[in-house]
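See structure below.
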Amino acid sequence: SPRVLSGIQPTAGSFHLGNYLGAVRQWVALQETHDAFYMLADLHAITVAQDPAELRANTRLAAAQLLASGLDPDRCTLFVQSHVPEHAQLAWVMNCLTGFGEASRMTQFKDKSARQGADRASVGLFTYPVLQVADILLYQAHEVPVGEDQRQHIELTRDLADRFNGRFGPTFTVPKPYILKETAKIYDFQDPTVKMSKSASTPKGLINLLDDPKATAKKVKSAVTDTDTVIRYDVENKPGVSNLLTVHSTLTGASVTELEERYAGKGYGALKTDLAEIMVGFVTPFKERTQQYLDDPETLDSILAKGAEKARAVAAETLALAYERVGFLPAK
Ligand code: AQP
């Protein structure tokens, strides 16, 4: 079956609603139809300042949240990026194929480095997209399930795969992005014109899955909408309401059209109250399941150890081929 690879950074502790709806939810579905590789991107996590004890704890916490979301270690390969040294090794080769100007055009780097100040942004942050290229190509992935914010990085992956294949002979599968239109971009609940993001959103605009469910309900009820009263999906003119409809629709399975009909003539209050209840119903068992996995770190670590072993088998084969193609003398 076709292969997918995706990752999530074990940074801010809790996943937010954007991570879940934009990416993790698709991962769970794809493990049924694809040969799926999912990684905790801890090498990516250190491109910004981090605390070692927190990184370790957050890596287990992210694994627990993925399992709580429905990833099944018997149906997919779940691993920690730093457990598979081939990622860093192939990244070096890909760095040498990437133009400085090409890397400079990556908008995520431009945004993040502007926020941090050019002197504080690390070289690691600059080459972050190239490491991502290596992550994907190592597994010969056909598709990469991500949110819209990652589209440019997948384009870079395609360009570099083509460049390598053209220069050294067919080596890498050229992957496609797998981005579901409806949930490609979940917006901040306070500023529905920008994406929900752990580094840029204010606490009120960021819906963290592990927050106290009561606090989450409150955030949903105070979501920013508009001064109109009509509940209609219209991202351009009604971004706040449209975002709430997207979340409602994805979590309940009701189509947006159905929801527009159901809420016709009702006020925003009704939509927000219902969505608050839906969110509480979703996050309460999610939090419980996450805690159960955290309470058993030995099982968690053994799942990750098995995942790393499966991942390495694939990654090592690709790296060996890439090393041979670039002309490295084999170690005897
Ligand atoms: N708002 C979003 N809507 C849809 N998808 C989203 N993703 C992130 N935000 C949204 C997707 O989540 C996956 C994991 O991404 P990550 O680990 O790289 O997280 P991130 O990009 O660091 O998340 P943030 O909140 O955007 O962090 P900052 O602010 O640090 O950049 C990816 O597939 C991503 O598309």
Breaking point among (1) within 14 Å of the ligand (Cβ to nearest atom); (2) in contact (Cβ under 8 Å) with a residue 24 or more places away in the chain, for K176: (1)
Has the stretch 180-188 got at least one residue that is surrounded by fewer than 16 Cβ atoms within 10 Å (Cβ to Cβ) and more than 12 Å from the ligand (Cβ to nearest atom)? no
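Per-residue answers, yes or no, for (1) within 13 Å of the ligand (Cβ to nearest atom); (2) touching a helix residue (DSSP H, G or I) at 6+ places or on another chain (Cβ under 8 Å); (3) open to solvent by less than 10 Å² (accessible area, probe 1.4 Å); (4) assigned to a helix (DSSP H, G or I):
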residue: R25; (1), (2), (3), (4): yes, yes, no, yes
residue: T33; (1), (2), (3), (4): no, no, no, no
residue: V48; (1), (2), (3), (4): yes, yes, no, no
residue: P73; (1), (2), (3), (4): no, yes, no, no
residue: T77; (1), (2), (3), (4): no, yes, yes, no
What are the pairs, 6+ residues apart or on separate chains, where a residue within the stretch 102-117 that is within 12 Å of the ligand (Cβ to nearest atom) has its Cβ under 7 Å from a residue that is at pLDDT 90 or above and polar (S, T, N, Q)? T107/Q152
Reported set for the stretch 79-103 where residues are open to solvent by less than 10 Å² (accessible area, probe 1.4 Å) and either basic (K, R) or within 18 Å of the chain's Cα centre (by Cα) (or both) is F79, V80, Q81, H87
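With respect to I207, determine if the residue is open to solvent by less than 10 Å² (accessible area, probe 1.4 Å), within 15 Å of the ligand (Cβ to nearest atom), out of contact with any Ser or Thr (no Cβ under 8 Å at 6 or more places or on another chain) and closer than 26 Å to S14 by Cβ. It would help to see each step written out before you state the result.
Details: open to solvent by less than 10 Å² (accessible area, probe 1.4 Å): yes; within 15 Å of the ligand (Cβ to nearest atom): yes; out of contact with any Ser or Thr (no Cβ under 8 Å at 6 or more places or on another chain): no; closer than 26 Å to S14 by Cβ: yes.
The answer is no for I207.
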When the residues of the stretch 1-23 are filtered to those that are part of a loop (DSSP other than H, G, I, E, B) and of a type in the set (S, T, N, Q), which remaining residue is farthest from the ligand (Cβ to nearest atom)? S1
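What do you reckon, is R3 among the basic types (K, R), surrounded by fewer than 22 Cβ atoms within 10 Å (Cβ to Cβ) and closer than 21 Å to T157 by Cβ?
Working: among the basic types (K, R): yes; surrounded by fewer than 22 Cβ atoms within 10 Å (Cβ to Cβ): yes; closer than 21 Å to T157 by Cβ: yes.
Spelling it out, R3 is indeed among the basic types (K, R), surrounded by fewer than 22 Cβ atoms within 10 Å (Cβ to Cβ) and closer than 21 Å to T157 by Cβ.
Can you tell me which residue is farthest from S222 (Cα to Cα) among those in the stretch 190-208 that are in contact with a His (Cβ under 7 Å, 6 or more places away or on another chain) and part of a loop (DSSP other than H, G, I, E, B)? Before you say what the answer is, go through the steps one by one.
In the first step, residues of the stretch 190-208 are kept if they are in contact with a His (Cβ under 7 Å, 6 or more places away or on another chain); the result is 196, 198, 206-208.
So of that shortlist, the ones also part of a loop (DSSP other than H, G, I, E, B) come out as 196, 198, 206-207.
On the way: M196: 15, K198: 19, L206: 12, I207: 12 Å.
Among residues in the stretch 190-208 that are in contact with a His (Cβ under 7 Å, 6 or more places away or on another chain) and part of a loop (DSSP other than H, G, I, E, B), the one farthest from S222 (Cα to Cα) is K198.
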Show the residue pairs meeting these rules: Cβ distance below 7 Å; 6+ apart or different chains; first residue within the stretch 196-222 and charged (D, E, K, R); second residue more than 11 Å from the ligand (Cβ to nearest atom) and open to solvent by 70 Å² or more (accessible area, probe 1.4 Å). K219/K204
Residues of the stretch 216-249 being open to solvent by 20 Å² or more (accessible area, probe 1.4 Å) and either within 24 Å of the chain's Cα centre (by Cα) or not charged (D, E, K, R) (or both), which ones? K219, S222, V224, T225, T227, T229, V230, Y233, V235, N237, P239, S249
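Quick check, is R120 open to solvent by 40 Å² or more (accessible area, probe 1.4 Å) and in a helix (DSSP H, G or I)?
Working: open to solvent by 40 Å² or more (accessible area, probe 1.4 Å): yes; in a helix (DSSP H, G or I): no.
Answer is no for this residue.
Starting from residues that are in contact with a Phe, Trp or Tyr (Cβ under 9 Å, 6 or more places away or on another chain) and among the hydrophobic types (A, V, I, L, M, F, W, C), keep the ones in the stretch 283-302 and report whichever is farthest from D74 (Cα to Cα).
Step one: list which residues in the stretch 283-302 are in contact with a Phe, Trp or Tyr (Cβ under 9 Å, 6 or more places away or on another chain), which gives 286, 299-300.
Subsequent filtering for residues that are among the hydrophobic types (A, V, I, L, M, F, W, C) retains 286, 300.
Details: F286: 20, L300: 13 Å.
Taking the candidates together, the pick is F286.
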V144 is checked against (1) under 19 Å from A322 (Cα atoms); (2) hydrophobic (A, V, I, L, M, F, W, C); (3) crowded, with 16+ Cβ neighbours inside 10 Å and fails just one. What number does that condition carry? (1)
Which residues, taken from the stretch 223-242, are within 16 Å of the ligand (Cβ to nearest atom) and free of Cβ contacts under 8 Å to residues at least 24 places away in the same chain? V235
Restricting the search to the stretch 210-222, which residues are outside any loop (DSSP other than H, G, I, E, B), within 16 Å of the ligand (Cβ to nearest atom) and of a type in the set (A, V, I, L, M)? V220
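How many residues does the stretch 27-81 contain that are among the hydroxyl-bearing types (S, T, Y), out of contact with any strand residue (DSSP E or B) (no Cβ under 6 Å at 6 or more places or on another chain) and under 16 Å from L5 (Cβ atoms)? Working first, answer last.
Here is the first cut: in the stretch 27-81, the residues among the hydroxyl-bearing types (S, T, Y) are 33, 38, 47, 59, 69, 77.
Narrowing the set further to residues that are out of contact with any strand residue (DSSP E or B) (no Cβ under 6 Å at 6 or more places or on another chain) leaves 33, 47, 69.
Then drop every residue that is not under 16 Å from L5 (Cβ atoms), which leaves 33.
Of the residues in the stretch 27-81, 1 are among the hydroxyl-bearing types (S, T, Y), out of contact with any strand residue (DSSP E or B) (no Cβ under 6 Å at 6 or more places or on another chain) and under 16 Å from L5 (Cβ atoms).
The values are calculated or read from the model by the stated rules, or taken from the named source; none is laboratory data. This one's a predicted model, so the numbers in the text were calculated from it and none came from an experiment. All Cβ positions, glycine included, derive from the backbone under ideal geometry; neighbour counts span all protein chains shown. To get the accessible areas, we keep the full protein, side chains included, count just its heavy atoms, and leave off ligands, DNA and RNA. Shrake-Rupley method; radii C 1.70, N 1.55, O 1.52, S 1.80 Å.
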